[in-house]
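The block underneath contains the structure these notes are about, expressed in structure tokens.
The values are calculated or read from the model by the stated rules, or taken from the named source; none is laboratory data. A quick note: this is a predicted structure, and the numbers were derived from the prediction, not measured. Backbone-built Cβ (ideal geometry, glycine too); neighbour counts: all protein chains shown. When the accessible area is computed, the model is the full protein with side chains, heavy atoms only, and any ligands, DNA or RNA have been set aside. Shrake-Rupley method; radii C 1.70, N 1.55, O 1.52, S 1.80 Å.
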Amino acid sequence: MIFSKAGFGGAVADFEAAVVAQDAKRSGKAFIRLQETFGRAKETELFAGGPRLATVLEQVPPSPRAVVAVLVGACVERGADAERCAPGVLAGLRAALEGAVAFGEAWAATGGGAFPVPDDGEPGEEIVERTGFEAAVGWWTLSQWEMAAVALLNHRAVRAALDGEVVRAGLDERAAGAGLDDATVRGQAGSGRGELLRLLTAVAQASGQELRCLSYALRVLDDEPLVVLHRPSATGYLLRLSGIGDNFQLHTLLADALIGGGHVAGRAPSPQEVAVCRETPGQVETAGSFELVAPDGDRLWNEGTPADIPVVDGVRLLVLDEPSYARSWPAGRFFPGMRGDLILERALEPEETERWLARVSPAGELTG
């Protein structure tokens, strides 16, 4: 076959055709051209190329498959349709995680020892003999699958599709507990996200290595109700959060909503500090305004995520105390490509606040 088209679009077409035909020689040449031409790709080539490459991912041989997935993620970062690309990439991620779990089991069964650190090449013969080829490739390529998947998980529609359909189980209890109508509080079915997290946890336990970006991306909450109790003023608030990657980001947005909104006393973040925590690029130095505390008195660290906030009576419940020490950090987003938001829906009535306060431990020495 003579390659008739130049540029990334031509490389995508050649690669797609060669993979479908299972022509290893042609696909190998096209694979090299994909990487060589991506940097010069036109917008239209990226928009079309990302979904086309994602569609054939499953048919690509295991070793180069992860590199192609990274290219798909890069296309999405430059404007390709994330929803169309997601099924192929997330299926590949799951397969890689399953392979990495199998790798850990085989590694332990054949003598154990420190997990090998993947390099840019393929796993060596000795490693493949111990674990099997597919398991070794799963572990060897996992960081690439992380990179590709996070690019897609930046998009709320992809996260929603991974969660599956909305279910009503527990809806009435959550709504009653927070004083909300049943359109406000939702439980999500679908085991896609939970299964990926289960596999990721198994890999981390076996290897001792955490894929933090992937873990945090899979734990991002959207349209999630949050009851916040500001203990110094004995006031409570109902908020709703979406797309917040870590508690540093949440902390700044809470200070904006409550202090900046005039509801409680303290240091309000500047408009610039708030903007970079929503969707403006960059970082701006900020300082802490609260101590984030779980209902049982445990400290909730800024380094954690909103998913760490415990659920009480079906709703996440967070207590804010005065900061125990001065702390500053660069305000911004853990995921620069993900829009974050925190909306204050209403202040709770005094009676509601008292009921919620009765569910938390008294103020005291922080644990955790």
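Of note:
- Test: residue in the range 328-345 that is part of a helix (DSSP H, G or I), out of contact with any Ser or Thr (no Cβ under 7 Å at 6 or more places or on another chain) and modelled with pLDDT of 95 or more: no
- Ala80 vs. criteria open to solvent by less than 10 Å² (accessible area, probe 1.4 Å), of a type outside the set (S, T, N, Q) and not in a helix (DSSP H, G or I): yes
- Within the range 257-289, the set of residues being open to solvent by less than 20 Å² (accessible area, probe 1.4 Å) and in contact (Cβ under 8 Å) with a residue 60 or more places away in the chain comprises Ala257, Leu258, Pro269, Cys277.
- Members of the range 207-255 that are open to solvent by 10 Å² or more (accessible area, probe 1.4 Å) and without any contact (Cβ under 8 Å) to a residue 40 or more places away in the chain: Glu210, Arg212, Ser215, Asp223, Ser233
- Of all residues in the range 91-110, those satisfying the criterion of being open to solvent by 50 Å² or more (accessible area, probe 1.4 Å), farther than 24 Å from Ala161 by Cβ and touching a residue at least 12 places away in the same chain (Cβ under 8 Å) are Glu105, Ala108, Thr110.
- Long-range neighbours under 7 Å by Cβ, at least six apart or interchain, first residue in contact (Cβ under 8 Å) with a residue 60 or more places away in the chain within the range 55-75, second charged (D, E, K, R) and surrounded by fewer than 18 Cβ atoms within 10 Å (Cβ to Cβ): Pro62/Glu134; Ser63/Glu122
- Selection of the range 119-161 for residues being open to solvent by 20 Å² or more (accessible area, probe 1.4 Å) and either in contact with a His (Cβ under 8 Å, 6 or more places away or on another chain) or charged (D, E, K, R) (or both) yields Asp119, Asp120, Glu122, Glu125, Glu126, Glu129, Arg130, Glu134, Glu146, Arg156.
- Answer residue from the range 317-346, given it is in contact with a Leu (Cβ under 8 Å, 6 or more places away or on another chain) and small (Gly, Ala, Ser) and is least open to solvent (accessible area, probe 1.4 Å) among those: Gly340
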